[in-house]
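What follows is a short report on a single structure.
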Amino acid sequence: MNSLDLHKAPEDTRVVVAMSGGVDSSVVAALLKREGYDVVGITLQLYDHGAATHRRGACCAGQDIHDARRAAETIGIPHYVLDYEDRFREAVIDRFADSYLQGETPIPCVECNRSIKFRDLLGTARDLGADVLATGHYVASRALAGGGRALHRALDPARDQSYFLYATTSEQLDLLRFPLGERPKDETRALAKTFGLSVADKPDSQDICFVPQGRYQDVIARLRPDAVRPGEIVHLDGRRLGRHDGIIGFTVGQRRGLNVAAGEPLYVVRLEPGEARVVVGPREALATSVIRLADPNWLGDAPLAAARDLAVAVRVRSTREPRPARLTWNPDTTAAEITLATPEDGVSPGQACVIYADDGPRARVLGGGTIRRVEAEHRAAA
């Protein structure tokens, strides 16, 4: 058994490494090469829109492709660049824009992992005769006693990316490896310097990599110019407080930038895309108790359909820690329903709700889904 849990000698094991041009994936390639594996680097060109190609914190375009190629040369491995722009636009960017116009707050990184990196790229890795595909994500993959693999939170809690990888299927996990899941980030950067990689001090990429200057509203308005409509800002009690230029400028839980005067702190409670309406209210109106999930992905041992008031922990935002909850599969709605032990603020449709076995620092990922409906004591279901 080698370090990748395969019954093969490293030199007989081909590993494709997804190289984004950043420090993490470059170190993964260098580590595996040092261990004697047959390593091939692949970089995906996902987009190209001028200013973003040289922006600090970008990935998968312009300078990043150059950085990946240079890292591969330093390590001494073959490197290929694949043009996935059309696939990325259709599977990620277009869906991102449509989701915002529906009043949701999508997470493009989840869709990129699900549709591009762990589906299309995994297929390419198989075509190259690879035994596994390795990435620089901070998440742990462990072999199960009965076969298959389980996904766990990373050793470094500040870098844990399990929230963005909940949609990885069991079949994909069998062919994926995450060598950095048991390492802290500072060790990764130290290794990059040891290996002589020019990206050792390169800044980490930001979440929405294809959005120049972080202004996602501009991207959506350019992609769907006829769909952005002005509308009203309305209080929960029915008062009309003002107008806006488009619901794409708002997210659930937002307080700043409302540009209305009401004599009290107000937050975006929900978005009503059909009427182009932004509904605001006091902070207590954000408290959510029940969440219904769409398109669930399940990684637990027992079938999801067997879940009846199962004790779990869930994370409703990437920046929050998992919190206790109960999971039930509702056969009438054919949906997974989450009941939070303590109501959470700012739970937004379109975000991910990731399910863990418990709220521990190395908890196993049981799956998750896209938040479609939320219910609370203080307001009607959105």
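The values are calculated or read from the model by the stated rules, or taken from the named source; none is laboratory data. A quick note: this is a predicted structure, and the numbers were derived from the prediction, not measured. Here the Cβ positions follow ideal geometry from the backbone for every residue, glycine too, while neighbour counts run over all protein chains shown. When the accessible area is computed, the model is the full protein with side chains, heavy atoms only, and any ligands, DNA or RNA have been set aside. Shrake-Rupley method; radii C 1.70, N 1.55, O 1.52, S 1.80 Å.
Given R₀ = 51 Å, FRET efficiency for D127-R255 by Cβ-Cβ distance, to 0.05?
Working: r = 49 Å, r/R0 = 0.96.
So, using R0 = 51 Å, E works out to roughly 0.55.
Defining a contact as two alpha carbons under 8 Å apart and six or more residues distant in sequence, what relative contact order in percent does the chain show? Walk me through the numbers before you get to the answer.
Numbers: 850 pairs, mean separation 58.8, N = 382.
Computed over the chain, the figure is 15 percent.
Counting alpha carbon pairs within less than 8 Å and at least 6 residues apart, what relative contact order, in whole percent, applies to the range 229-281?
Working: 100 pairs, mean separation 21.3, N = 53.
Contact order relative to length: 40 percent.
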A341 long-range amide H proximity, modeled H, under 5 Å:
A325, R326
With no solvent term and unit scatterers on the alpha-carbon positions of the range 229-281, Debye gives log₁₀ I(q)/I(0) at q = 0.16, 0.24 Å⁻¹ of -0.35, -0.85
Stokes-Einstein, Kirkwood over Cα pairs, the range 129-214, 20 °C, 1.002 mPa s; D in µm²/s equals 148
For the range 142-233, what is the relative contact order in percent, using Cα pairs closer than 8 Å and at least 6 residues apart in sequence?
18
Once you place label points 7 Å from the Cα toward the Cβ at D358 and A294, how far apart are they in nm?
3.5
Full extension from R89 to E73: what is 0.36 nm times the residue separation minus their Cα-Cα distance, to one decimal in nm?
2.8 nm
Sequence order, the range 227-232: Karplus ³J(HN,Hα) from phi using 6.51 cos²θ - 1.76 cosθ + 1.60, θ = phi - 60°, Hz rounded, Gly and Pro as x, gives 9, 8, 10, x, x, 9
Heavy-atom accessible area per residue, the range 10-195, 1.4 Å probe: how many Å²?
39
log₁₀ I(q)/I(0) of the range 10-195 at q = 0.10 Å⁻¹, via Debye over equal Cα point scatterers, no solvent, to two decimals?
-0.39
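Count the lysine pairs in the chain whose Cα atoms sit under 20 Å apart, keeping only pairs 8 or more residues apart in sequence or on different chains.
Working: K8/K33; K33/K185; K33/K193; K185/K193; K185/K202; K193/K202.
For the chain, the number of qualifying lysine pairs is 6.
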In order over the range 138-152: 3J(HN,Hα) from phi, Karplus 6.51/-1.76/1.60, θ = phi - 60°, whole Hz, x for each Gly or Pro, gives 8, 7, 9, 10, 10, 6, 8, 4, x, x, x, 9, 10, 9, 10
If you roll a 1.4 Å probe over the chain with all protein chains in place, what percent of the accessible area is carbon or sulfur?
47
According to a simple spin-label model (label point 7 Å from Cα along Cα-to-Cβ), what is the distance in nm between E321 and R215?
3.8
Hey, in the GNM for the chain with a 10 angstrom Cα cutoff, which one of A302, A335, A352 fluctuates hardest?
A302
If you plug each phi of the range 117-129 into the Karplus form 6.51 cos²θ - 1.76 cosθ + 1.60 with θ = phi - 60°, what whole-Hz ³J(HN,Hα) values come out, in order, with x for Gly and Pro?
6, 9, 10, 5, 5, 5, x, 5, 4, 4, 4, 8, x
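So, R0 is 56 Å and r is the distance between the beta-carbons of R34 and D309; what FRET efficiency does that work out to, to 0.05?
0.70
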Rounded to the angstrom and largest first, Cα extents along the principal axes for the chain equal 69, 49, 34
Spin-label pair A302/R222, simplified geometry with 7 Å Cα→Cβ offset, distance in nm:
5.0
When the chain is modelled as a GNM with alpha-carbon springs shorter than 10 Å, which of A276, A29, A190 fluctuates the most?
A190
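State the extension gain, in nm to one decimal, for the chain segment bounded by E171 and D332, taking 0.36 nm per residue of separation less the distance between their alpha-carbons.
Values: separation 161, 0.36 × 161 = 57.96 nm, distance 2.81 nm.
Gain in length upon complete extension: 55.1 nm.
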Pairs of alpha carbons in the range 287-371 whose separation is greater than 14 Å (percent)
57
Can you give me the long-range amide H partners of A335? Hydrogens built in the peptide plane at 1.01 Å from N, cutoff under 5 Å, separation of 5 or more residues or another chain.
N330
Suppose R0 equals 56 Å; then what is the FRET efficiency for A145 and R229 from their Cβ-Cβ distance, rounded to the nearest 0.05?
0.50
